[in-house]
Amino acid sequence: TMAYSKAVLVLENFIGGKFVPCSSYIDSYNPSTGDVYCRVPDSGKEEVEAAVKAAKDAFPIWSSKSPLERSQILNKLADLIEHDLEVFAQAESKDQGKTITFARTVDIPRAVYNFRFFASSILHHTTECTEMATMGCVHYTSRAPVGVAGLISPWNLPLYLLTWKIAPAIACGNTVVAKPSEMTSVTAWMMCKLLEKAGVPHGVVNVVFGTGAKAGEALVCHPDVPLISFTGSTLTAQRITEKSAPHCKRLSLELGGKNPAIIFDDADLTQCIPTTLRSSFANQGEICLCTSRIFVQRGIYSEFLKRFVAEVKKWKVGNPSDPTVDMGALISKEHLEKVRSYVKKAQAEGARVLCGEGVDSLALPTGNQKGYFMLPTVIAEVKDESCCMQEEIFGPVTCVVAFDTEEEVIERANSVKYGLAATVWSSSVGRVHRVAQRLQSGLVWTNCWLVRDLNLPFGGMKASGIGREGAKDSYEFFTEVKTITIKH
Ligand code: NAD
């Protein structure tokens, strides 16, 4: 066994309002240095059992509180996280490898906003009512929380995505057992420390840490957890669907993407280029919404490529805690190797790597030599059938290809198994409408990227998921509806 210095952070599960140690632990790495800096509980059936029991016990009290009471508690929690925003941002950056700037401006503010948003939206729902005058009847619907919700989240936007589930689940009156990714558990653990102060009763939010195979699967298979909200890969979602089938669980699945950006020759390149740079490489390309197939109309193809690659080369990769850095480290050594292997495959197939991996050299600060870094990489002359154009790479790699007509590009953009997000660049209103209507994609951004109104549905089609999340969609997912008929 390895010896751990005192500096190593040891996390504990949070069950029934108490931190409880676990009998075994998993090492967690700092991606920017390659050092083990944290130990995460390796929970299994026993821990999940205790957490589900605590959540079940807390359900009667929590579900009978008024929406206003719950709303006030969620707002308080938002305030407390916001008060510690900088500490949370530092922790997220260290744990995940993302830049401190991204954590400060995107991850943690959004986690705060998730609580504020659902604290507000829960106060504004109305149910349906119809009248059958000739029968002397009115019908109305009534919604009630479901029970214990199982929430499973990935490593790319740790607290952001976990709170996007916890907030609507508890706002609706459910109690939860959450399992964050074993690679990024620290901010969830930090949040647990604030729950009591916010007034969240014991057992309403329970967090079990551990791997997907052990802790995640125990949660998915637990008979007393009637609904699972999952964000992660398509492969894991298939497994979860299979494992939960005997219990007929309600599932919300937010999965991978292979998102196209379609750039027409009338696009405003001064806006399109910096936005496409971000959409390809923000958070090291580790966002399900990141662009990884850029289709450029033939007439502007070479100009776009020249200007785009020049901007990509300016991106600074390095120590995530340096506020001038644009891109930090990838999540793990294995993931870095996987992402790199895609670039090699593309080269072997005859594609051209225009910048980044294998082409340019990466100079890293002394303390970061063992970190999991790579340069943002642009690949051109790659075939649509190539694995780089079909599979989700989930790293800082983007492919650029030319197209001729609108009809052609719609077909090519749709010719992948995924359907999460697409971006369309054109100054023709008619064209953006036409194209947006025909793309097989849960979200279409035209002349922008990652602008979200949480009121509206979020989610993917095809292999990108099942179900939607948002003000109304999350409310519907996290409640059970009943139709009641009254005859006078
Ligand atoms: P992953 O599927 O490996 O893991 C996600 C979570 O599921 C983790 O907490 C993991 O421990 C758990 N898990 C793994 N196996 C499990 C099992 N058998 N049973 C229960 N739980 C299990 O995904 P990841 O690598 O952490 O995240 C990256 C993926 O997430 C990418 O595919 C990305 O596109 C996707 N993603 C999607 C969205 C979205 O909103 N659509 C957002 C972010 C990330």
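The values are calculated or read from the model by the stated rules, or taken from the named source; none is laboratory data. If you're wondering where the values come from, they're calculated on a predicted model, not measured in any experiment. Glycine gets a Cβ as well: all are built from the backbone with ideal geometry, and neighbour counts include every protein chain shown. To get the accessible areas, we keep the full protein, side chains included, count just its heavy atoms, and leave off ligands, DNA and RNA. Shrake-Rupley method; radii C 1.70, N 1.55, O 1.52, S 1.80 Å.
A few notes on this one:
- From the options ILE170, ILE152, ILE228, ILE166, residue that is open to solvent by 10 Å² or more (accessible area, probe 1.4 Å), closer than 29 Å to SER71 by Cβ and assigned by the TED database to the domain that holds ILE100: ILE152
- Test for GLU182: is it away from the ligand (no atom under 13 Å from the Cβ) and either touching a helix residue (DSSP H, G or I) at 6+ places or on another chain (Cβ under 8 Å) or in a helix (DSSP H, G or I) (or both): no
- Any hit, region 205-227, residues being closer than 30 Å to ASP404 by Cβ, within 10 Å of the ligand (Cβ to nearest atom) and either of a type in the set (Phe, Trp, Tyr) or part of a strand (DSSP E or B) (or both): no
- Screening ALA188 with (1) open to solvent by less than 30 Å² (accessible area, probe 1.4 Å); (2) in contact (Cβ under 8 Å) with a residue 60 or more places away in the chain; (3) within 14 Å of the ligand (Cβ to nearest atom) gives one miss only, at (2).
- Odd one out for LEU330, checked against (1) in a loop (DSSP other than H, G, I, E, B); (2) touching a Leu at 6+ places or on another chain (Cβ under 6 Å); (3) open to solvent by 20 Å² or more (accessible area, probe 1.4 Å): (3)
- Of the residues contained in region 136-150, one or more are found to be within 16 Å of the ligand (Cβ to nearest atom) and among the aliphatic types (A, V, I, L, M).
- Scan of region 291-304 for residues that are open to solvent by less than 10 Å² (accessible area, probe 1.4 Å) and under 24 Å from the mean Cα position of the chain (by Cα), ordered by number: THR291, ARG293, ILE294
- Single match in PHE304, PHE308, PHE295 (criterion: in contact with a Ser or Thr (Cβ under 8 Å, 6 or more places away or on another chain) and of a type in the set (Phe, Trp, Tyr)): PHE308
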